[in-house]
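What follows is one structure encoded as structure tokens, with my remarks underneath.
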Amino acid sequence: MTLTKIVVERAASPQAGQTFFRDDQTTGLALRVTAGGVKSFIFEGRVNGRVRRMTLGQWPFMTVAGARDEVLKIRRAMLDGLDPADARLDARHEPTFGDLVDAYLADAEARGRRSLPRMVERIDKYLAPWRNRRASDITPGEVAQLHQTIGKERGQVIANRVALLLMRAIFNHALKLRLFKGENPAAGIEPFAESARERFLTPAELERVNNELAAEPHPYWRAYFTATLLLGTRKNELLGAKWADVDIEARTLRLPMTKNGRSHLLPIPEAVLRMLQELPSFAAREQGEGWIFASNLSGAGHLADPSKAWQRIRDRAGCPDVTVHDLRRTLGSWMAGEGHSLLLIGRALGHKSSASTQIYARLALAPLRDALEANARLMLGEGAA
């Protein structure tokens, strides 16, 4: 048979052991399918009288076209009298992709990169199958396929962040340290087009969310999401806040380190302060120390991942597409709708650049609506503007 994408996708797993689907277009190429459902491209052939069978790559990280190219390289090497299997043995000292990842993460940790936990999470979730592969074996075609797969299954923004930006950064760092020789396989791949997200809660949605937050039985999640909504803080900035950062008398919260690499002082609305003071951690605090959103369920000592709790709340409120970050965007949009200046909105959200706040100029529809209404009456001769 001729191996194609459809053939590979439909190739059934055997009940036990493994089965092979050999390609009749490229001699030596075969697809191996295990009982566990793992599909890998392999090369089969005789070199100097000896049977060789080598794994080329795993589907879907390697495409059919990529496997054909690898087989052609092997056959060209055989014409030159080389044994590709021996060449692979000689290359055992080459670094694996996991070696490159570890070097990159060690550097990020040494630099105090606040995005380190997110990097580790994305690597474990999307790039773990490549850890034991030689870095030089990873091809641009495989990275492009990974980019498309993540884009289809998880979204185009995260596909750009993982398959392009993160992969490119890992290989660039390895090239800088001379851990890797060759070309960056993530370079030159066209990213998906991205547009600024403008999702925020409408008045009707906000009412439903507030009702569900009031009914939320977990006091820490109830306070966390309410504070996120009314303070506009970023997810991890608030999760890692301590009582030492709160001045009860001045009603302020100081975030020691934000995404922009600087501290951010926020006044706390009375409603938020009352809710925080009702938390069990407030009574247990020692001279202002300890986590505000304390938890024994994570190694960090505080609430770690709000996604499941927020999904439960937003689904009950009938807002299944609203993310935690959209709560921050909601504060900015409502402030814009009330006519507050972009400078003030930027200060509330801790924006380093005014360009980050420009989106809210488009969302401030109330002043624009009043101006257009008045102008319409004037142009239609219905009265002075």
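For Arg10, are the conditions met, namely being open to solvent by 60 Å² or more (accessible area, probe 1.4 Å), modelled with pLDDT of 85 or more and out of contact with any strand residue (DSSP E or B) (no Cβ under 6 Å at 6 or more places or on another chain)?
Criteria met by Arg10.
For the condition acidic (Asp, Glu), at pLDDT below 85, surrounded by 15 or more Cβ atoms within 10 Å (Cβ to Cβ) and in a strand (DSSP E or B), what is the one hit in Glu44, Glu70?
Of the residues listed, the single one that is acidic (Asp, Glu), at pLDDT below 85, surrounded by 15 or more Cβ atoms within 10 Å (Cβ to Cβ) and in a strand (DSSP E or B) is Glu44.
Out of everything in segment 142-180 that is closer than 12 Å to Leu100 by Cβ and at pLDDT below 90, what residue ends up being farthest from the chain's Cα centre (by Cα)?
Arg178
Pairs, please: C-beta under 7 Å, at least 6 apart or cross-chain, first residue in contact (Cβ under 8 Å) with a residue 40 or more places away in the chain and in segment 205-217, second open to solvent by 30 Å² or more (accessible area, probe 1.4 Å)?
Arg208/Gly318; Glu212/Arg316; Leu213/Arg222; Glu216/Arg222
Among the residues of segment 207-237, which ones are more than 14 Å from Ala271 (Cβ to Cβ), modelled with pLDDT under 90 and open to solvent by less than 60 Å² (accessible area, probe 1.4 Å)?
Selection gives Gly232, Thr233, Arg234, Glu237.
Enumerate the pairs (first residue in segment 166-182 and part of a helix (DSSP H, G or I); second residue anywhere and among the hydroxyl-bearing types (Ser, Thr, Tyr)) with beta-carbon separation below 8 Å, excluding pairs fewer than 6 apart on the same chain, so at least 6 apart or on different chains.
If the second residue must be among the hydroxyl-bearing types (Ser, Thr, Tyr), the pairs left are Ala169/Tyr104; Ile170/Tyr104; His173/Tyr104; Ala174/Tyr104.
For segment 102-153, name all the residues that are part of a loop (DSSP other than H, G, I, E, B) and either in contact with a helix residue (DSSP H, G or I) (Cβ under 9 Å, 6 or more places away or on another chain) or surrounded by 17 or more Cβ atoms within 10 Å (Cβ to Cβ) (or both).
Residues satisfying the conditions are Arg113, Arg114, Ser115, Arg131, Asn132, Arg133, Ile138, Thr139.
Taking the condition outside any helix (DSSP H, G or I), surrounded by 17 or more Cβ atoms within 10 Å (Cβ to Cβ) and either among the hydrophobic types (A, V, I, L, M, F, W, C) or at pLDDT 85 or above (or both), does Phe192 pass?
Spelling it out, it is not the case that Phe192 is outside any helix (DSSP H, G or I), surrounded by 17 or more Cβ atoms within 10 Å (Cβ to Cβ) and either among the hydrophobic types (A, V, I, L, M, F, W, C) or at pLDDT 85 or above (or both).
I need every pair where a residue in segment 132-148 that is within 15 Å of Pro60 (Cα to Cα) and touching a residue at least 12 places away in the same chain (Cβ under 8 Å) has its Cβ under 8 Å from the Cβ of a residue that is of a type in the set (S, T, N, Q) and surrounded by 19 or more Cβ atoms within 10 Å (Cβ to Cβ), sequence separation at least 6 or different chains.
From segment 132-148, the pairs are Gly141/Thr63; Glu142/Thr63; Gln145/Thr63; His147/Asn160.
So if I check each of Ala186, Ala244, which one is more than 26 Å from Asp102 (Cα to Cα) and of a type outside the set (Ser, Thr, Tyr)?
Ala244
Against the condition surrounded by fewer than 20 Cβ atoms within 10 Å (Cβ to Cβ), at pLDDT 85 or above and not hydroxyl-bearing (Ser, Thr, Tyr), how does Ala250 come out, does it pass?
Yes: the conditions hold for Ala250.
State whether one or more residues within segment 265-281 are in contact with a helix residue (DSSP H, G or I) (Cβ under 6 Å, 6 or more places away or on another chain), at pLDDT below 90 and within 20 Å of Pro117 (Cβ to Cβ).
Looking for residues that are in contact with a helix residue (DSSP H, G or I) (Cβ under 6 Å, 6 or more places away or on another chain), at pLDDT below 90 and within 20 Å of Pro117 (Cβ to Cβ), one finds none in segment 265-281, hence no.
The values are calculated or read from the model by the stated rules, or taken from the named source; none is laboratory data. Every value quoted in this text rests on a predicted model; they were computed, and no experiment measured them. Cβ coordinates were reconstructed from backbone atoms using ideal geometry, including for glycine residues, and neighbour counts include every protein chain displayed. All accessible areas refer to the heavy atoms of the entire protein, side chains included, with ligands and DNA or RNA removed. Shrake-Rupley method; radii C 1.70, N 1.55, O 1.52, S 1.80 Å.
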